[in-house]
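Right, one structure below, let's go through it.
The values are calculated or read from the model by the stated rules, or taken from the named source; none is laboratory data. The shown structure was predicted, so the numbers you read here are calculated from the model rather than taken from an experiment. Cβ sites come from the backbone with ideal geometry, for glycine too, and all protein chains shown count toward neighbours. The area values use the complete protein model at the heavy-atom level, side chains included, leaving out ligands, DNA and RNA. Shrake-Rupley method; radii C 1.70, N 1.55, O 1.52, S 1.80 Å.
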Amino acid sequence: MSYILSAQNLFAFNLIEVKGVKFPNSVSEGVAPVHSKAMSPKNIGDLKGYNELLPFVTPSPDQEEAASCMLMSLTGAVELWLHRIHKAPRFIQDGDLDLSERWWMNVSNYTKYSKDIDYWYSDAALLFNSTPAALNRNYRFTKGWHIETEDDYIPTAPNAPKSVYTTRYNWIDDLSKVPGPFIKLPRFDRTILLRDKNDDPWAIGKAPADIVEQVIAAFKKFRAPIQVIYNHEGYWHSVFLVGYDEEMSSYNCKSIRDSLAYYEAESNHAKSLGQAKRSRILMSHRNDLAAAFQKNGGCRPKGMFYVRDSQFS
């Protein structure tokens, strides 16, 4: 796929939003582009704090509706390690360190590869010890026409009845057709910093008040990417952190404010449609988030983590 990049100023802050559009090389890969986007300081020199991992962070496809965030984030973390080990800070699209996210999406469905995974949310990284990695150029994250059944995705001809054209197509298993070469990976392990005692990835406000300090201490100790799984406006989402700057403005905690407004607006909308139960659930999420936010002291004026995401800027 080929890239086109553009940038625009974001708010009044010292940030820009960088957008990428990846076009398929052939009709067999689809016809519509897959978009990606990121927020970045205007000047790379503005990056302060713990930032030694930043040169090795690779871009992510925008997963759109693929529900692939866990394996998008973990593939990105593995790519970071490979670039770091090989002392290769420059990312090369379709190069020998550009891994296939779709490969791991399909591999995850096989018990023989996931046998070491006891709890998906904390153990999914161990999947990368089960098989070599395929390269992106040989097995792309793409879009395709398909029908979604109760437990499967079935490929179809373009514009077939009841078919849709989405990134969920990547869950269709074509592993047997993937050509080599395959990349042997180092063996990975993970340290669990926090696991919800109820094993609830949709929980809100369950992290301890000192979670920020715990994460900063972990960066200093392990010098490694840190995966975060959290409730993003009603569904669980996975990203990973690659550093922090304790002096950067928090922009008045924009993500928290946006989430509070989202929950309230969606609750009111559901109520207007007569969906009383959904309205109560959304407002409960909103109140849980607001209570946790205030309990832990509200918005800190300074301090930001550097985040690598597959869906949001």
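So here's what we get for this one:
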read-out: Residue 248 long-range amide H proximity, modeled H, under 5 Å; value: 303, 304
read-out: Estimated translational D of the range 193-313 in µm²/s (Stokes, Kirkwood radius over Cα pairs; 4 °C; 1.567 mPa s); value: 82 µm²/s
read-out: Net charge of neighbours whose Cβ lies under 12 Å from the Cβ of residue 278, counting Lys and Arg as +1 and Asp and Glu as -1; value: +2
read-out: Inter-site label distance for residue 150 and residue 312 at 7 Å from Cα along Cβ, in nm; value: 3.4 nm
read-out: Distant-in-sequence amide H partners of residue 99 (H built 1.01 Å from N, under 5 Å); value: 136
read-out: For the range 49-158, radius of gyration divided by Kirkwood radius, i.e. Rg to Rh on alpha-carbons; value: 1.00
read-out: Solvent-free Debye scattering, log10 I(q)/I(0), computed from the Cα coordinates of the range 156-246 at q = 0.26 Å⁻¹; value: -1.39
read-out: Greater than 22 Å apart at Cα, pairs in 48/220; 206/295; 87/220; 197/220; 143/177; 254/295; value: 197/220
read-out: Whole-number percent relative contact order across the range 232-296, with pairs defined as alpha carbons under 8 Å at least 6 apart; value: 32 percent
read-out: Rounded accessible area of residue 253 (nearest 10 Å², 1.4 Å probe); value: 20 Å²
read-out: Carbon plus sulfur fraction of accessible area for the range 143-267, probe 1.4 Å, in percent; value: 52 percent
